[in-house]
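A short reminder: the numbers here are calculations on the coordinates, not readings from a lab. All figures in this text were calculated on a predicted structure; none of them were measured in a lab. We place every Cβ from the backbone using ideal geometry, glycine too, and count neighbours over all the protein chains shown.
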Amino acid sequence: MSTPTVVLHDAATGVTLTLDDGVGVLSLDQPDSPVNTLNSRLGPVFEEAFDRVLHDAAFTALVLASGKADTWIAGADIEELRGLQRAEDGAALARGGQQLLARLAQLPKPVVAAINGAALGGGLEVALACHHRIAADHPKTILALPETQLGLLPGAGGTQRLPRIVGLQAALDMILTGKNIRARKAWQMGLVHELVHPAILRDVAMRRARELARGIAPPVRKRRTGAATVLLEDNALGRMVVFRQAREQVLAKTRGNYPGPLAALDAVQRGYSDGEAAGYAAEAEHFGQLAMTPVCKQLTYLFFAGNALKKEEVRRADGTPAAHAPVRKLGVIGAGFMGAGITTVAVQAGTPVRLKDAAWPRVAAGWRAVREVVRERLRRKQLTRAQFDDTMALVGGTTDWRGFADCDLVIEAVFEDLAVKHGVVRDLEREAPRSIIASNTSTIPIRDIAAAAAHPERVLGMHFFSPVHKMPLLEVIVTPQTSPEATATAVAYGRRLGKTVIVVQDGAGFYVNRILAPYLNESGRLLDEGATIEAIDRALADYGFPVGPLTLLDEVGLDIAGKSGPIMAAAFGERLTPPATLTQVIASGRLGRKAKRGFYRYDEQGKRQGPDESVYALAPHPARQVVSADEICRRTVYPLLNEAVRCLEDGIIASPRDGDIGAVYGIGFPPFRGGPFRTIDALGAATLVRELETLDTRFPGRFTPAALLREHAAGGTHFHP
């Protein structure tokens, strides 16, 4: 076997081209970065490599590979995109990427992509330009075009190449949603030609390259196309139906708030109707225009804010980083909905869990809830049967304290009753003396729970959101007595579970539930005054929330909302006192979807049937009247923004960035608006103060502007630079 010859090496970009027995290997391993990304510095180096392969007869084929363990190419360098100043600059950047990949696709020598790990955005577009694609069969091999989630569209040919590789409908599903495609699914849909074990990926890629160079066709799984697919995709009339339905679905989902999917849809359609050249031109033009939109700027802000949070260290009072302890074993007290959810994400992260409840039927129900979530991953082929069995083996149930002595962290998710939580804290200090104790409470101040502890420095809050396996946020709540080491351990473990973690100071409602309270309360007061259930929910969904506030209450559970209301009222007085209709609905025994009765009616399978108009009889004014969407949004959103500023003012959150992330990831505050503080900056603090003062004149005491908000209004300053 010959030794590969280095033909080209560029240390600045991490590009290396070697020649190995006639096959070139173009490898990317960017220095000082855990992942590979595409940037303008790479273009000239790739061009030189392509020239070497094209003009040197010693090269018969080319393999594209990554030097990173878990990432092929993770997309474009977002920082570079962020620096674009004009739409023309963005369009030029896209055209440059298109031209570079056109050169790759048009190389007369076969090009094989050896994909290990994530091939995202521009990374997948590079792979699409290759003649043959082989993927490592590994959980970390993910292929996606997530650009629409950043307010953009694939700009290096993805809107044109992908439909012709996987079919129009499958391509639109990927492009318009940005969804991740795992390796096996990618193989099944024809996105990659072969699936191999990671250990032999490079060897198989080299062998295929040599065979292709000799004209030997490799084994390729043919994409399945049924009669319906042929009918819809292989003729212009059928494609018109597909595009029309896709547009309707996009508008129904985004309510017109996100321009990226519609622009991507137009680029794909132009490629079919007017030819590929027109499609590429539309793609580049749209890319430049989208890069300048406020939506793109807010979404890229959230991208960077989330990344910064992941890297941030917990620090001691003297500024030095606090060390975190490893969590080798987790205890969970309470096998109900939240306890089972926490157990689910923990075992999927590889942590053994001791799950305790007072009776075996409850423990069994919790175990079944964990199994159902993990089984769904098995059904979707995200896990093998052996991995499923190994994951479930990490769950150990009990009704006593056996198995808790060696837990590093214990999370209690018992009833929202302070006396019960005090009992758990005392028991844990006795049975798990070295453990950090975390409460999953969503309402009770952590200092009140820690009052029962002999070691309050080891007590904090870990507020997960429901459903735990889907919601991305975790609030770690600390008191003045919580040690930095305990905080660092909770933060590190939350990140290990895949959560975006914000650290907040203790206080009623913490941050997320505190800003949610005025939003929900004002929704209830609008009901008091005669607004309809549909009008309230429709207005806030149009504003950009994933669901309206009354739907949210039904989903979370009215019993849970009922427990938080008095706590918020006791802490903040009339400003956050629950309104009459909400109080009466909760008192009537309606629990929401789980009991098939709330603000909406539900069938036996839990499917929503429509508003339950019998709710109106519980309101002070049963008659309904028309209330404008503008009035609804001002009455509900503006006090939420104001409360976010109060939380910053009170030191509950450390920064506007944390406040934005917490609201977007915790309650679904519209991402395209960037979060509460970015929304205030866009609106103008002075404008918001005027609006709040007008509302406060109509409804005294509920809309008084926060002092910090008045300061920004007076100074004309922003919360963000």
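Charges at C-beta only: +1 for Lys and Arg, -1 for Asp and Glu. How large is the resulting dipole of the stretch 260-349 about its Cα centre, in Debye rounded to 20? It would help to have the intermediate numbers written out before the result.
Numbers: 8 positive and 8 negative charges, 159 e Å.
Computed about the Cα centre, the dipole is about 760 debye.
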Give me the Debye-computed log₁₀ of I(q)/I(0) at q = 0.08, 0.11, 0.15 Å⁻¹ for the stretch 5-291, equal point scatterers on Cα only, no solvent, two decimals.
-0.32, -0.62, -1.16
Calculate how steeply helix 484-496 sits against the longest principal axis of the alpha-carbon atoms of the chain, using the helix alpha-carbon long axis, and give the answer as 0 to 90 degrees to the nearest 10.
50
Using alpha-carbon pairs under 8 Å, 6+ residues apart, how would you state the relative contact order of the chain in percent?
8
Sequence order, the stretch 606-615: Karplus ³J(HN,Hα) from phi using 6.51 cos²θ - 1.76 cosθ + 1.60, θ = phi - 60°, Hz rounded, Gly and Pro as x, gives x, 7, 5, 9, x, x, 8, 5, 5, 4
Restricting the count to DSSP beta bridges whose residues both fall in the chain, what percent are antiparallel, rounded to a multiple of 5?
35
Which aspartates and glutamates have a Cα less than 12 Å from the Cα of K68, not counting those fewer than 8 places away in the same chain?
D29, D32
Before anything else, pin down the relative contact order of the stretch 512-715: Cα pairs under 8 Å, at least 6 apart, normalised by residue count, whole percent.
24
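Does the stretch 512-715 classify as rounded, prolate or oblate by the C-alpha gyration tensor (a ≥ b ≥ c root eigenvalues; a/c under 1.5 gives rounded; else a/b over b/c gives prolate, otherwise oblate)?
Judged from the Cα gyration tensor, the stretch 512-715 comes out prolate (a/c at least 1.5, a/b above b/c).
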Using helices alone, I'd like the mean residue ellipticity at 222 nm for the chain: each DSSP H run of four-plus residues gives -39500 (n - 2.57), total over residue count, nearest 500.
-15500 deg cm²/dmol
Sites R375 and I200 - FRET efficiency at Förster radius 25 Å, r taken between beta-carbons, to 0.05
0.25
Treating cross-link reach as a plain straight distance, find the aspartates and glutamates whose alpha-carbon is under 12 Å from the alpha-carbon of K311, omitting any fewer than eight places away in the same chain.
none
Ignoring solvent entirely, what values of log10 I(q)/I(0) come out of the Debye formula for the stretch 330-505 at 0.14 Å⁻¹ when each Cα is a single scatterer?
-0.68
Determine the shape class of the stretch 296-383: with a ≥ b ≥ c the square roots of the Cα gyration tensor eigenvalues, call it rounded for a/c under 1.5, and otherwise prolate if a/b is greater than b/c, oblate otherwise.
oblate
Multiply the residue separation of Q99 and A323 by 0.36 nm, subtract the distance between their alpha-carbon atoms, and state the gained length in nm to one decimal.
75.8 nm
Once phi for every residue in the stretch 178-192 is put through the Karplus expression 6.51 cos²θ - 1.76 cosθ + 1.60 (θ = phi - 60°), the whole-Hz ³J(HN,Hα) values, with Gly and Pro written as x, are x, 5, 7, 10, 7, 4, 5, 5, 4, 5, 5, 8, x, 6, 10
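By counting other Cβ atoms within 10 Å of each Cβ, how are E604, E522, E416 ranked from fewest to most?
Fewest-to-most ranking of E604, E522, E416: E604, E416, E522.
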Estimated distance in nm for a label pair at Q387 and L251, the labels positioned 7 Å out from Cα along Cα-to-Cβ
4.0
Please sort 36-49, 374-387 by packing, taking for each peptide the average over its residues of neighbouring beta carbons within 10 angstrom, highest first.
36-49, 374-387
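Would you mind getting me the FRET efficiency between V420 and M292? Use the beta-carbon distance for r and R0 = 51 Å, nearest 0.05.
On the way: r = 54 Å, r/R0 = 1.07.
My answer for the efficiency is 0.40.
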Quick shape check on the stretch 469-542: root eigenvalues a ≥ b ≥ c of the Cα gyration tensor, a/c under 1.5 is rounded, otherwise prolate if a/b tops b/c, else oblate, and it reads oblate
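For the stretch 5-291, give the magnitude of the charge dipole about the Cα centre (Cβ charges: +1 Lys/Arg, -1 Asp/Glu; no others), in debye to the nearest 20. Spell out each step's value before the answer.
Working: 31 positive and 30 negative charges, 233 e Å.
Dipole of the stretch 5-291, to the nearest 20 debye: 1120 debye.
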Over the stretch 235-299, relative contact order from alpha-carbon pairs under 8 Å, at least 6 apart, %:
23
With +1 at each Lys and Arg Cβ and -1 at each Asp and Glu Cβ, the charge dipole magnitude of the chain around its Cα centre, to the nearest 20 debye, comes out at 1960
Too long at a 22 Å Cα-Cα cut-off: which of K253/K607; K140/K253; K563/K596; K179/K499?
K140/K253
Sites H720 and R430, calculated FRET efficiency, Cβ-Cβ separation with R0 45 Å, nearest 0.05
0.40
